[in-house]
Number of protein chains: 2
Amino acid sequence: MRGTLRADGERKRALIYDTALALFREKGFDATTMRDIAKSAGISLGSAYHYFPSKVAIVFAYYEEVQDAHEERVRKKLPRTDGLLERLTLVFETKLELVRRDRQLLGAIGATLVQPGNELSAFSVEGRDFLQRSVALFDAALEPLATTPEARRTMALLLWTAHLGMMLRLVHDDSRGQKRTKSLVSRALTMAVPLLQLAATPMGAGLLAQLRSLLEENGLMPLPEETLSEG
Amino acid sequence: MRGTLRADGERKRALIYDTALALFREKGFDATTMRDIAKSAGISLGSAYHYFPSKVAIVFAYYEEVQDAHEERVRKKLPRTDGLLERLTLVFETKLELVRRDRQLLGAIGATLVQPGNELSAFSVEGRDFLQRSVALFDAALEPLATTPEARRTMALLLWTAHLGMMLRLVHDDSRGQKRTKSLVSRALTMAVPLLQLAATPMGAGLLAQLRSLLEENGLMPLPEETLSEG
DNA sequence: GTCTATACCCGGATAGAC
DNA sequence: GTCTATCCGGGTATAGAC
């Protein structure tokens with residue numbers, strides 16, 4: 001039966017995935033070999049490669065799951081959260097909590113992201129969707145700001161950049177419970193909120209507009225080409 | 001003779017280095033193997049590893065050279081350059097020009113920099129000197145700003161962060177002559193200068209002080225421990 | 001036709017003889 | 001300090017089990 005086969009395949013894929021993540025967390029990314037994973041999952045090496053084309057592919061699957069979970073948790077709590085600071089804190093801290101224990105994996109992702117020509121970089125077409133989904137969460141958090149959608153989107157992208165900084169800090173943060181990164185986030189947000197509010201006023205409009213065109217030209221912001229589906 | 005021996009060793013090291021860089025530039029970092037390098041330099045694989053402990057070590061030697069060259073060029077021209085925008089442009093564009101053609105190598109550096117526990121990260125003790133040297137150039141460029149040394153140093157560190165962003169953009173920029181990154185730098189600086197001038201006023205002092213303690217706690221800014229050499 | 005076992009290639013890194 | 005031989009692990013190719 002078709003369904004059974006597919007379900008089997010998916011179960012197997014999940015088995016490999018779970019086994020791999022367990023090993024990564026236990027021994028670290030580099031120290032875990034594909035042979036370890038296959039052996040520990042009780043399958044052959046070839047089979048593992050059948051489901052995941054490479055070791056990093058497993059890590060990217062992990063990151064996709066993180067992205068899903070982040071989205072779900074934030075979308076659930078955001079409507080009940082008032083205040084710009086609280087809303088932004090929610091987005092940042094939820095993300096941090098999701099990835100906190102997986103610094104090694106984040107390092108592996110980061111490493112492939114800085115490779116020239118990498119398909120998954122934010123600057124590439126293929127990585128665009130990933131970026132947009134993530135930025136959308138920050139955009140949603142900014143809802144209380146009374147400003148134009150464009151300005152909001154620009155600020156959301158800036159926040160996403162800041163979130164990248166958080167990830168970089170996290171990777172090197174071996175303090176207990178990653179409290180250093182936590183403290184960084186909370187203090188940085190406290191400083192950022194008034195600036196965002198300032199940027200949302202007519203006074204900040206000019207600056208934001210300049211920023212926006214800068215970001216657009218570097219492929220970080222989609223030029224308004226959605227219009228073609230409206231015609 | 002001692003001197004001759006050392007000179008021989010250095011000459012050999014330089015030979016490996018030059019050969020490696022030529023190959024990196026010709027075929028790219030990944031596609032160039034240590035065996036290629038050794039063969040092309042006319043020595044054995046083991047010998048190559050005697051002079052450089054790893055493939056990335058060669059790249060870091062390159063980066064140190066870049067750092068030296070950047071320092072030299074900037075220090076030479078800075079005294080003859082007036083105006084904040086011009087001075088900052090000098091620092092950024094000189095750096096860009098130095099590394100522009102070596103995106104693959106920069107990627108390799110970036111990849112090791114995001115590995116947890118890496119000794120050369122800016123957050124680590126070992127990478128501190130590297131960071132400080134680089135920040136000092138931005139600090140020097142900010143000289144025309146009438147403000148406190150602490151505030152200036154904070155801004156310099158922010159600019160260094162921005163310079164990291166430039167590098168990330170550069171790695172993915174395959175436009176002709178990397179004009180995209182060039183344009184990004186020039187436009188971003190035009191926007192940044194008024195903000196820096198604003199931050200240098202008493203109005204910006206509070207914000208900068210907050211920023212400073214944030215950066216200090218994350219090991220990016222040296223706590224004033226130089227005082228011990230003064231006693 | 002789907003998965004496994006296994007042998008193999010490649011390249012980074014190391015050991016140890018000289 | 002140099003070289004050869006070797007290890008190790010990611011990734012691939014393939015032959016055959018079922």
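For the range B:40-56, how many residues meet the condition of being away from DNA strand D (no atom under 11 Å from the Cβ), in a helix (DSSP H, G or I) and more than 14 Å from chain A (Cβ to nearest Cβ)?
2
Do any helices (runs of 4 or more DSSP H) lying entirely in the range B:57-158 carry at least 2 residues that are hydroxyl-bearing (Ser, Thr, Tyr), and which ones are they?
Fully inside the range B:57-158 and qualifying: B:84-99.
Answer yes if at least one residue in the range B:3-11 is in contact with a helix residue (DSSP H, G or I) (Cβ under 9 Å, 6 or more places away or on another chain), in a helix (DSSP H, G or I), more than 30 Å from B:LEU189 (Cα to Cα) and of a type outside the set (S, T, N, Q), and no otherwise.
yes
Give the residues of the range A:109-127 that are more than 10 Å from chain B (Cβ to nearest Cβ) and more than 13 Å from the chain's Cα centre (by Cα), sorted by residue number.
Passing the criteria: A:GLU119, A:VAL125, A:GLU126.
Quick one: is B:LEU142 buried (at least 16 other Cβ atoms within 10 Å of the Cβ) and under 30 Å from B:LEU198 (Cα atoms)?
Here the answer is yes, as B:LEU142 does meet what is asked.
Regarding B:ARG80, is this residue without any contact (Cβ under 8 Å) to a residue 12 or more places away in the chain and over 24 Å from A:LEU113 (Cα atoms)?
yes
Looking for whichever is buried (at least 16 other Cβ atoms within 10 Å of the Cβ), modelled with pLDDT of 95 or more and either within 16 Å of DNA strand C (Cβ to nearest atom) or within 14 Å of chain A (Cβ to nearest Cβ) (or both) here; the options are B:VAL74, B:VAL59, B:VAL91. Which one fits?
B:VAL59
Please go through (1) surrounded by 20 or more Cβ atoms within 10 Å (Cβ to Cβ); (2) away from chain A (no Cβ under 12 Å); (3) not β-branched (Val, Ile, Thr) for B:LEU106 and return the number of the only condition it doesn't satisfy.
Result: B:LEU106 passes all but (2).
Which of the residues spanning the range B:162-185 are farther than 22 Å from B:GLY28 by Cα, within 8 Å of chain A (Cβ to nearest Cβ) and buried (at least 19 other Cβ atoms within 10 Å of the Cβ)?
B:LEU184
Sort through B:ILE16, B:ILE37 and tell me the only one that's away from DNA strand D (no atom under 11 Å from the Cβ) and over 30 Å from B:VAL135 (Cβ atoms).
After ruling out the rest, the residue left standing is B:ILE37.
Does the range B:145-157 include one or more residues that are under 18 Å from the mean Cα position of the chain (by Cα), more than 10 Å from chain A (Cβ to nearest Cβ) and of a type outside the set (A, V, I, L, M)?
Yes, there is a match, as at least one residue in the range B:145-157 is under 18 Å from the mean Cα position of the chain (by Cα), more than 10 Å from chain A (Cβ to nearest Cβ) and of a type outside the set (A, V, I, L, M).
Look at B:GLY83 and say whether it is on the phi > 0 side of the Ramachandran plot and within 16 Å of DNA strand D (Cβ to nearest atom).
no
Determine whether the range A:26-39 contains at least one residue that is more than 14 Å from DNA strand C (Cβ to nearest atom), part of a helix (DSSP H, G or I) and more than 14 Å from every other protein chain (Cβ to nearest Cβ).
Yes; the residues of the range A:26-39 include at least one that is more than 14 Å from DNA strand C (Cβ to nearest atom), part of a helix (DSSP H, G or I) and more than 14 Å from every other protein chain (Cβ to nearest Cβ).
Sort through A:PHE130, A:PHE138 and tell me the only one that's more than 10 Å from chain B (Cβ to nearest Cβ), over 30 Å from B:SER213 (Cα atoms) and in contact with a Phe, Trp or Tyr (Cβ under 9 Å, 6 or more places away or on another chain).
A:PHE130
The values are calculated or read from the model by the stated rules, or taken from the named source; none is laboratory data. Keep in mind the model is a prediction, meaning the values are calculated, not measured. Reconstructed Cβ throughout: ideal geometry from the backbone, glycine too, with neighbour counts over all protein chains shown.
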